[in-house]
Amino acid sequence: PRHMDSVLDILDSLESPTRVGSPGTAAALGRSLGICSTPGCRAVLGDPPGTPERPPSLTPGQWQLLTELLRHDPATPEMGVVLAPDGSTVALGPLLAGIEAGLRAGGFGRPLPTLDPPADPLLAVTIAEALGTSFLLAQGSDNNATALGPGGCWDDVENPQNYTLRGPPSLVPDPVAIGAMDGVILGARLAQGPLPVVELLRGYYGTGNGSEAGRPPSSYRRRDFGALAGRGRLEKEVAAILGVLRTLSPTPEFLRDVGTQEVAAVAHWAAREFSEHYVECPAIMPRCLWGARPYRGTPALLRLPLGSVFLHHTLEPAQPCQTFRACARAMRDMQHFHQDTRGWDDIGYSFVVGSDGYLYEGRGWHWVGAHTKGYNTQGFGIGIVGDFTATLPDPDTLALVRDELLPCAVHSGHIWPDFTLHGHRQLGHTDCPGNALFQEIQHWPGFQ
């Protein structure tokens, strides 16, 4: 399966001391297979070694999977991705490039070059070059090309084999953004001192399809990446690597006739868009990833922006879900109950919030829900998984709704800046969203 577990098994075989492996083996192999094919990446990490042969420690099947995952082809970015235990889809190219840059910064292998103009090698090989290139090309396009996204869907999250993007790819589709953020976080860790890469990855992602008791560190990637490369730093590094590319001979075609002011403007635009989308706003698990049934009937379109947000607790399941597997199962159970017992067209909520750090798409931003009788066309219904009669969701989950979801819904134009926030009980005969949670939200912006 194209799951991170499969990659970890391969890395285990490559790095095993009994097989004369080392922490840099996987990164070097990745570079020789093509993960570092862009001018900026080569300026930092060097030209790739020759075409490798299958290491004796890998089976033919493992070698075939690894070469498929690491052969870089911009036309098919979905080929180089795997499903991680937290439910996110990770491109291995920027992840391994960040790991190699981190190892070399930490003293393992050849020293990294000093770039002119000065640029951070770790950010250059993970996200800065891809971001700057993508936004420059989008700016010069005549057909409204996008510079970020899209996301995509797996055929089967239990046995992922095929990933399909849900639209035309940019140079930074969602898996590349996620792999780049992980590459920065893990590369920064390795720069402090080398350790076995497989050990680092296993600790970061966990194992299995999110079957552990709690959240893996990878589910905090947005917060951790933001701490390392906030919007201002990212803007500086995008401008810096574009400056480096202009000094190369030959200068890349897309940078010819581009002046310093235009580079600065593109860097500002790219950093703002990336930060808003991938750092400051919460990640949303699409319906295809949690295994949603189709909508029954014809959904009714909302007229955006809306004026209200209605907060709920799910009550059942009563326990907060802390892993992708548990939250996806909770979503399926709720949808079955709403469709089969209540007779509704679909799961009622617009979005559901897990304690695994993710929003789960229900009716979504555009379709009328079935969450707050008499008010479904006036606001979004947000359910938090759990029973919050006597206890609160954990602080991270509260912050996800209060400090990320609500401001992002305003910035993206889905709700008015002067929106009102209500607990479900204010608009119907119910105890929802539970006494403890209702007391908490009375201190939130917009509560009325």
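Remark: His371 matches the filter, which requires a residue to be open to solvent by less than 30 Å² (accessible area, probe 1.4 Å) and assigned to a loop (DSSP other than H, G, I, E, B).
Being within 20 Å of Leu122 (Cα to Cα), without any contact (Cβ under 8 Å) to a residue 12 or more places away in the chain and not assigned by the TED database to the domain that holds Asp356: is that true of Ala227 here? Spell out the reasoning first.
On the way: within 20 Å of Leu122 (Cα to Cα): yes; without any contact (Cβ under 8 Å) to a residue 12 or more places away in the chain: yes; not assigned by the TED database to the domain that holds Asp356: yes.
When the stated conditions are applied, Ala227 passes them.
Can you find, within segment 339-368, the residue that is least open to solvent (accessible area, probe 1.4 Å) among those that are over 22 Å from the mean Cα position of the chain (by Cα) and of a type in the set (Gly, Ala, Ser)? Walk me through it before giving the result.
Of segment 339-368, the ones over 22 Å from the mean Cα position of the chain (by Cα) are 339-349, 367-368.
Going one step further and asking which of them are of a type in the set (Gly, Ala, Ser), we end up with 343, 348.
Values: Gly343: 57, Gly348: 1 Å².
By that ranking, first place goes to Gly348.
Where helices (runs of 4 or more DSSP H) fall wholly inside segment 161-236, the ranges with 3 or more residues that are surrounded by fewer than 23 Cβ atoms within 10 Å (Cβ to Cβ) and touching a Gly at 6+ places or on another chain (Cβ under 8 Å) are 174-191. Report, by residue number, each residue of segment 7-23 that is open to solvent by 20 Å² or more (accessible area, probe 1.4 Å) and either at pLDDT 90 or above or in contact with a Phe, Trp or Tyr (Cβ under 7 Å, 6 or more places away or on another chain) (or both). Scanning segment 7-23 gives Asp9, Pro23.
Please specify each residue of segment 287-338 satisfying the condition of being crowded, with 22+ Cβ neighbours inside 10 Å, assigned by the TED database to the domain that holds His366 and of a type in the set (Phe, Trp, Tyr). Within segment 287-338, Phe310, Phe324 qualify. Among the residues of segment 104-133, which ones are surrounded by fewer than 24 Cβ atoms within 10 Å (Cβ to Cβ) and of a type outside the set (D, E, K, R)? Residues satisfying the conditions are Ala105, Gly106, Gly107, Phe108, Gly109, Pro111, Leu112, Pro113, Thr114, Leu115, Pro117, Pro118. For the subset of segment 37-66 comprising residues that are at pLDDT below 90 and closer than 30 Å to Phe254 by Cα, which member is surrounded by the fewest Cβ atoms within 10 Å (Cβ to Cβ)? So the residue we want is Gly50.
Could you list, in sequence order, all residues of segment 291-323 that are at pLDDT 95 or above and among the β-branched types (Val, Ile, Thr)? Result: Val309, Thr314.
Can you spot a residue in segment 386-396 that is over 27 Å from Ala300 (Cα atoms), surrounded by fewer than 14 Cβ atoms within 10 Å (Cβ to Cβ) and within 27 Å of the chain's Cα centre (by Cα)?
Keep residues of segment 386-396 that are over 27 Å from Ala300 (Cα atoms), which gives 386-396.
Subsequent filtering for residues that are surrounded by fewer than 14 Cβ atoms within 10 Å (Cβ to Cβ) retains 390-391, 395.
Still in the list and also within 27 Å of the chain's Cα centre (by Cα): 395.
Checking segment 386-396: at least one residue is over 27 Å from Ala300 (Cα atoms), surrounded by fewer than 14 Cβ atoms within 10 Å (Cβ to Cβ) and within 27 Å of the chain's Cα centre (by Cα).
Could you please let me know if Pro94 is over 27 Å from Gln322 (Cβ atoms) and surrounded by fewer than 24 Cβ atoms within 10 Å (Cβ to Cβ)? If you could, list the steps in order and put the result at the bottom.
Details: over 27 Å from Gln322 (Cβ atoms): yes; surrounded by fewer than 24 Cβ atoms within 10 Å (Cβ to Cβ): no.
It is false that Pro94 is over 27 Å from Gln322 (Cβ atoms) and surrounded by fewer than 24 Cβ atoms within 10 Å (Cβ to Cβ).
Taking residues in segment 50-77 that are in a helix (DSSP H, G or I), and partners anywhere that are open to solvent by 70 Å² or more (accessible area, probe 1.4 Å), the pairs with Cβ atoms closer than 8 Å and at least 6 places apart or on different chains are Pro60/Arg54; Gln62/Asp9; Trp63/Arg54; Glu68/Met79; Leu69/Met79.
Among the residues of segment 188-205, are any closer than 30 Å to Arg293 by Cβ and touching a residue at least 12 places away in the same chain (Cβ under 8 Å)?
Here is the first cut: in segment 188-205, the ones closer than 30 Å to Arg293 by Cβ are 205.
Now narrow it down to the ones that are touching a residue at least 12 places away in the same chain (Cβ under 8 Å): 205.
Yes: segment 188-205 contains one or more residues that are closer than 30 Å to Arg293 by Cβ and touching a residue at least 12 places away in the same chain (Cβ under 8 Å).
Within the bounds of segment 136-145, is there any residue that is free of Cβ contacts under 8 Å to residues at least 60 places away in the same chain, closer than 29 Å to Arg256 by Cβ, open to solvent by less than 20 Å² (accessible area, probe 1.4 Å) and among the hydrophobic types (A, V, I, L, M, F, W, C)? Reasoning before the result, please.
Step one: filter segment 136-145 for residues free of Cβ contacts under 8 Å to residues at least 60 places away in the same chain, giving 138, 141-145.
In the following step, the residues that additionally are closer than 29 Å to Arg256 by Cβ were identified as 138, 141-145.
Among the residues that remain, those that are also open to solvent by less than 20 Å² (accessible area, probe 1.4 Å) are: 138.
Now drop any that are not among the hydrophobic types (A, V, I, L, M, F, W, C), which leaves 138.
Within segment 136-145, one or more residues are free of Cβ contacts under 8 Å to residues at least 60 places away in the same chain, closer than 29 Å to Arg256 by Cβ, open to solvent by less than 20 Å² (accessible area, probe 1.4 Å) and among the hydrophobic types (A, V, I, L, M, F, W, C).
Checked against (1) within 28 Å of Ser88 (Cα to Cα); (2) modelled with pLDDT of 95 or more; (3) not hydroxyl-bearing (Ser, Thr, Tyr), Ala239 passes all but condition (1). Just one residue in the set Ala138, Ala145, Ala119 is at pLDDT 95 or above and of a type outside the set (D, E, K, R); that residue is Ala119.
Going by what's in this entry, would Thr89 be described as at pLDDT below 85 and either in contact with an Asp or Glu (Cβ under 8 Å, 6 or more places away or on another chain) or open to solvent by 20 Å² or more (accessible area, probe 1.4 Å) (or both)? Taking the combined requirement at face value, the residue does not satisfy it.
The values are calculated or read from the model by the stated rules, or taken from the named source; none is laboratory data. Please read these numbers as outputs of a predicted model, since none were measured by experiment. Please note: Cβ atoms are built from the backbone with ideal geometry, for glycine as well, and neighbour counts cover all protein chains shown. Calculation scope for accessible area: heavy atoms of the full protein, side chains included, ligands and nucleic acids excluded. Shrake-Rupley method; radii C 1.70, N 1.55, O 1.52, S 1.80 Å.
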